[in-house]
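Enquirer: Have a look at this one before I ask anything.
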Amino acid sequence: MQASPTALHLNLDHAWPNEPLGLRIVDARAWGPQLRFSSPPHLIEQFYLEHETTLGATFLLYGSGDFHHLTALRLRTIAEAVVLVSFDNHPDWDVRPPKWACGGWVNRALELPSVRLVSVWGCGNFECWWPHQIFGNRRAERAGILEVHPWADDRPLKDRQRKGAILRENWRERFKEFAKRLIGENVYVTIDLDCLRIEQAVTNWESGRFAVADLEWALGKLRESSRIIGGDICGAYSPPKYARWKQRFAAEFDRPKLARPNLEKARLANLTTVEKLWPLLAGSL
């Protein structure tokens, strides 16, 4: 199905109050607790059937990064070959169960015939390094259909030789080289706000190392070389609510122990950030 030229706010958790960016709102809050962090396949398919038209919007804004696996559903609606570019503090490449979860959704995207490459930029946590990387989709990385670009500034010298590793001093040059490879390509861009510094985005996860200016620059480079045919932004903080005890247990076990932020201040910081990034992602929409 060809994505319609629209931009929507899919409200799953009230992470964005009022009408952010003046977007039309689709109220899916009844689904939020069922989908958050992870969800069984039958609920994923039920949600998709109910919201396929919404997911077919060209650009989507939705809430917490706990729902990032919905990007894989969004990509189902794209028929043409596409390169997925993800800015995220996590690689989201975990091969362990559950199948549908925010920590493993990249694998669901790679199963789609339209997705020819996934490239993740700005990983700052431990998942890309030994021993935790054994749970990642290294097979896809070796096959060249998945690239991860973790920050290596604070890693031992030998780790800086890891394929895809980036440093503050060289990441822009590496990204420029990557963008040149995308000349003429269709690109889908997903941004999880947890890739940003804590002062610029408040999320449910650890904060990353990008500045907003970094993403503004990177989006500009992608628009110079390729055709951005769709995208989404997620990652705004919202208080977690779950529908199932196993889902809650897994989420609380996996999630870092962070202090609950001031909601008003968090929303203001996130809105300030998304108002800068959205026009560069969505263009004139």
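Enquirer: When you go through (1) at pLDDT 95 or above; (2) loosely packed, with under 15 Cβ neighbours inside 10 Å one by one for residue 121, which number turns out not to apply?
Expert: Among (1) at pLDDT 95 or above; (2) loosely packed, with under 15 Cβ neighbours inside 10 Å, residue 121 violates only (2).
Enquirer: Against the conditions (1) in contact (Cβ under 8 Å) with a residue 12 or more places away in the chain; (2) in a loop (DSSP other than H, G, I, E, B); (3) surrounded by fewer than 21 Cβ atoms within 10 Å (Cβ to Cβ); (4) of a type in the set (A, V, I, L, M, F, W, C), where does residue 202 fall short? Just the number, please.
Expert: Residue 202 satisfies every listed condition except (3).
Enquirer: Inspect all residues belonging to segment 159-181 and state whether any of them is within 27 Å of residue 62 (Cα to Cα) and either assigned to a strand (DSSP E or B) or in contact (Cβ under 8 Å) with a residue 60 or more places away in the chain (or both).
Expert: no
Enquirer: Identify, please: which residue in segment 33-47 is out of contact with any helix residue (DSSP H, G or I) (no Cβ under 8 Å at 6 or more places or on another chain) and in contact (Cβ under 8 Å) with a residue 12 or more places away in the chain and is, among those, surrounded by the most Cβ atoms within 10 Å (Cβ to Cβ)? Quick ask: steps written out before the conclusion?
Expert: Taking segment 33-47 and keeping what is out of contact with any helix residue (DSSP H, G or I) (no Cβ under 8 Å at 6 or more places or on another chain), we get 33, 40-42, 45-46.
This time we only want the ones that are in contact (Cβ under 8 Å) with a residue 12 or more places away in the chain, so: 33, 40-41.
Details: 33: 18, 40: 15, 41: 10.
The selected residue is 33.
Enquirer: Separate question: Restrict the check to segment 209-221 and report whether at least one residue is closer than 25 Å to residue 77 by Cβ, of a type in the set (A, V, I, L, M, F, W, C), in a strand (DSSP E or B) and at pLDDT 95 or above.
Expert: Taking segment 209-221 first, the residues closer than 25 Å to residue 77 by Cβ are 215, 218-219.
Among the residues that remain, those that are also of a type in the set (A, V, I, L, M, F, W, C) are: 215, 218-219.
From what's left, in a strand (DSSP E or B): none.
The answer is no; no qualifying residue exists.
Enquirer: Only one residue in 49, 60, 73, 43 is aliphatic (A, V, I, L, M), in contact with an Asp or Glu (Cβ under 9 Å, 6 or more places away or on another chain) and in a helix (DSSP H, G or I). Which one? If you could, list the steps in order and put the result at the bottom.
Expert: Values: 49 fails: in contact with an Asp or Glu (Cβ under 9 Å, 6 or more places away or on another chain); 60 fails: in a helix (DSSP H, G or I); 43 fails: in contact with an Asp or Glu (Cβ under 9 Å, 6 or more places away or on another chain).
Residue meeting the stated conditions: 73.
Residues are listed down the side, and each one gets a yes or a no for (1) hydroxyl-bearing (Ser, Thr, Tyr); (2) modelled with pLDDT of 95 or more; (3) within 21 Å of the chain's Cα centre (by Cα):
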site	(1), (2), (3)
13	no, yes, yes
16	no, yes, yes
20	no, no, yes
28	no, yes, yes
32	no, yes, yes
36	no, yes, yes
39	yes, yes, yes
46	no, yes, no
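Enquirer: Residue 152 fails exactly one of the following numbered conditions: (1) within 26 Å of residue 97 (Cα to Cα); (2) surrounded by 14 or more Cβ atoms within 10 Å (Cβ to Cβ); (3) out of contact with any His (no Cβ under 7 Å at 6 or more places or on another chain); (4) not polar (S, T, N, Q). What is the number of that condition?
Expert: It is condition (1) that residue 152 fails.
Enquirer: Inside segment 65-118, can you point out the residues that are among the small types (Gly, Ala, Ser) and out of contact with any Gly (no Cβ under 8 Å at 6 or more places or on another chain)?
Expert: Selection gives 72, 79, 81, 86, 101, 103, 104, 109, 114.
Enquirer: Among the listed residues 77, 71, which satisfies the condition of being over 16 Å from the mean Cα position of the chain (by Cα), under 30 Å from residue 141 (Cβ atoms) and touching a residue at least 60 places away in the same chain (Cβ under 8 Å)?
Expert: Among 77, 71, only 77 is over 16 Å from the mean Cα position of the chain (by Cα), under 30 Å from residue 141 (Cβ atoms) and touching a residue at least 60 places away in the same chain (Cβ under 8 Å).
Enquirer: Being surrounded by 11 or more Cβ atoms within 10 Å (Cβ to Cβ) and either among the small types (Gly, Ala, Ser) or not in a helix (DSSP H, G or I) (or both) is the filter here, so list the residues in segment 246-261 that pass it. Break it down into steps so the answer makes sense when it comes.
Expert: Of the residues in segment 246-261, the ones surrounded by 11 or more Cβ atoms within 10 Å (Cβ to Cβ) are 246-252, 254-255, 258, 261.
Scanning segment 246-261 gives 250, 251, 255, 258, 261.
Enquirer: Can I ask one more? Kindly evaluate residue 140 against the criterion of being of a type in the set (Gly, Ala, Ser), out of contact with any helix residue (DSSP H, G or I) (no Cβ under 8 Å at 6 or more places or on another chain) and farther than 24 Å from residue 16 by Cβ.
Expert: Against the criterion (of a type in the set (Gly, Ala, Ser), out of contact with any helix residue (DSSP H, G or I) (no Cβ under 8 Å at 6 or more places or on another chain) and farther than 24 Å from residue 16 by Cβ), residue 140 does not qualify.
Enquirer: To continue, here is another question. Return the total of residues in segment 125-149 being in a loop (DSSP other than H, G, I, E, B) and either surrounded by fewer than 21 Cβ atoms within 10 Å (Cβ to Cβ) or among the aliphatic types (A, V, I, L, M) (or both).
Expert: Number satisfying all stated conditions: 6.
Enquirer: Can you tell me which residue in segment 69-86 is surrounded by the fewest Cβ atoms within 10 Å (Cβ to Cβ), limited to those that are under 8 Å from residue 114 (Cβ atoms) and of a type in the set (Val, Ile, Thr)? I'd like the intermediate steps shown before the answer.
Expert: Residues of segment 69-86 that are under 8 Å from residue 114 (Cβ atoms), as a first pass: 75, 78-82.
After this cut, where a residue has to be of a type in the set (Val, Ile, Thr) as well, the list is 78, 82.
Working: 78: 21, 82: 23.
By that ranking, first place goes to 78.
The values are calculated or read from the model by the stated rules, or taken from the named source; none is laboratory data. Values in this document were obtained by computation on a predicted structure and should not be read as measured data. As a convention, Cβ positions derive from the backbone with ideal geometry for all residues, glycine included, and neighbour counts pool all protein chains shown.
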